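Engineer: Pasting in a structure now, in structure tokens, and then I'll have a few things to ask.
Laboratory data are not the source of any read-out in this text; all were calculated from the coordinates shown. Every value quoted in this text rests on a predicted model; they were computed, and no experiment measured them. Note: ideal-geometry Cβ built from the backbone for every residue, glycine included; neighbour counts use all protein chains shown.
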Amino acid sequence: MEKLFMERKAADNKYLHRDFHKLLDVGLAYIGARYGDDGVRQYLREFAAAYYAPLIEKIKLYGLAELAAHIRSIYELEEASETLTLALDGQSLNVRVEKCPAVEHFKTIGHTASKWYVEATRTVNETIADLANLNYSQRFYDEETGKCEYAFTGRNV
């Protein structure tokens, strides 16, 4: 019998990582239950500083357009770009998300987000902003849908 071989690489597959968000939330709930709110925020600050270091350097060099491009690319990868509105002017980036693809996925699998899930947006963005010498404000967050509004501005604004 002849053996047939198929060669595939991860890059050959469609990239969707929705279950990552559930695992992140479970991890945040674990940290939160053991170390409290401050433990969750500390973990996310350390993670964001390391993981987003290349993005932070690009923002420092090229400005908010780099951050807008990054956010847009995430929503395109999540096949949720229709839920995203970005408004970029010289010194500010305003972001509006009609519904979070991760929170929508939680509903389809019966997962309820922990009280710490919002920190994956708030603390990570605060950390990126702080290290890129920007201000960050989260104006709105709806736990039921993940709908949110937030903004990044230059520190001199």
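Engineer: Once you place label points 7 Å from the Cα toward the Cβ at R34 and T112, how far apart are they in nm?
Structural biologist: 2.4
Engineer: Can you sort F5, F106, F20, F47 from fewest to most other Cβ atoms within 10 Å of each residue's own Cβ?
Structural biologist: Fewest to most other Cβ atoms nearby, the residues stand as F5, F20, F47, F106.
Engineer: Counting only pairs 8 or more places apart or on different chains, how many lysine pairs in the chain have C-alpha atoms closer than 21 Å?
Structural biologist: Step by step, the pairs that qualify in the chain add up to 11.
Engineer: Could I ask something else about it? Treat the count of other C-beta atoms within 10 Å as a stand-in for reagent exposure and order Y51, Y136 from fewest to most.
Structural biologist: Ascending number of Cβ neighbours within 10 Å: Y51, Y136.
Engineer: Related question: Run the numbers on the chain and let me know its relative contact order in percent, using alpha-carbon pairs under 8 Å that are six or more apart.
Structural biologist: 26
Engineer: To test your reading of the geometry: what angle, between 0 and 90 degrees and rounded to tens, separates the Cα axis of helix 18-51 from the longest principal axis of the chain?
Structural biologist: Between the helix axis and the principal axis of the chain, the angle is about 40 degrees.
Engineer: What is the helix-to-structure angle for 64-77, meaning the angle in degrees between its Cα long axis and the longest Cα principal axis of the chain, kept from 0 to 90 and rounded to the nearest 10?
Structural biologist: In the chain, helix 64-77 runs at an angle near 30 degrees to the longest axis.
Engineer: What net charge is computed for the residues neighbouring V103, neighbours being all others with C-beta under 13 Å from the C-beta of V103, Lys and Arg scored +1, Asp and Glu -1?
Structural biologist: That works out to -2.
Engineer: Now for a separate question. Once the dipole of the chain is set up with Lys and Arg at +1 and Asp and Glu at -1 on Cβ about the Cα centre, which of G32, G90, T108 lies farthest towards its positive end?
Structural biologist: Checked the options; the winner is G32.
Engineer: Around R139, what is the net charge, scoring Lys/Arg as +1 and Asp/Glu as -1 over all other residues with Cβ under 12 Å from its Cβ?
Structural biologist: Every neighbour counted, the sum reads +1.
Engineer: A further question on this structure: Mind pulling the angle between the C-alpha long axis of helix 119-131 and the longest principal axis of the chain? Nearest 10 degrees, somewhere in 0 to 90.
Structural biologist: Roughly 60 degrees between the two axes.
Engineer: Continuing with this model, one more query. Take the Cβ-Cβ distance between S137 and K14 as r, set R0 to 41 Å, and report the resulting FRET efficiency rounded to the nearest 0.05.
Structural biologist: So, using R0 = 41 Å, E works out to roughly 0.75.
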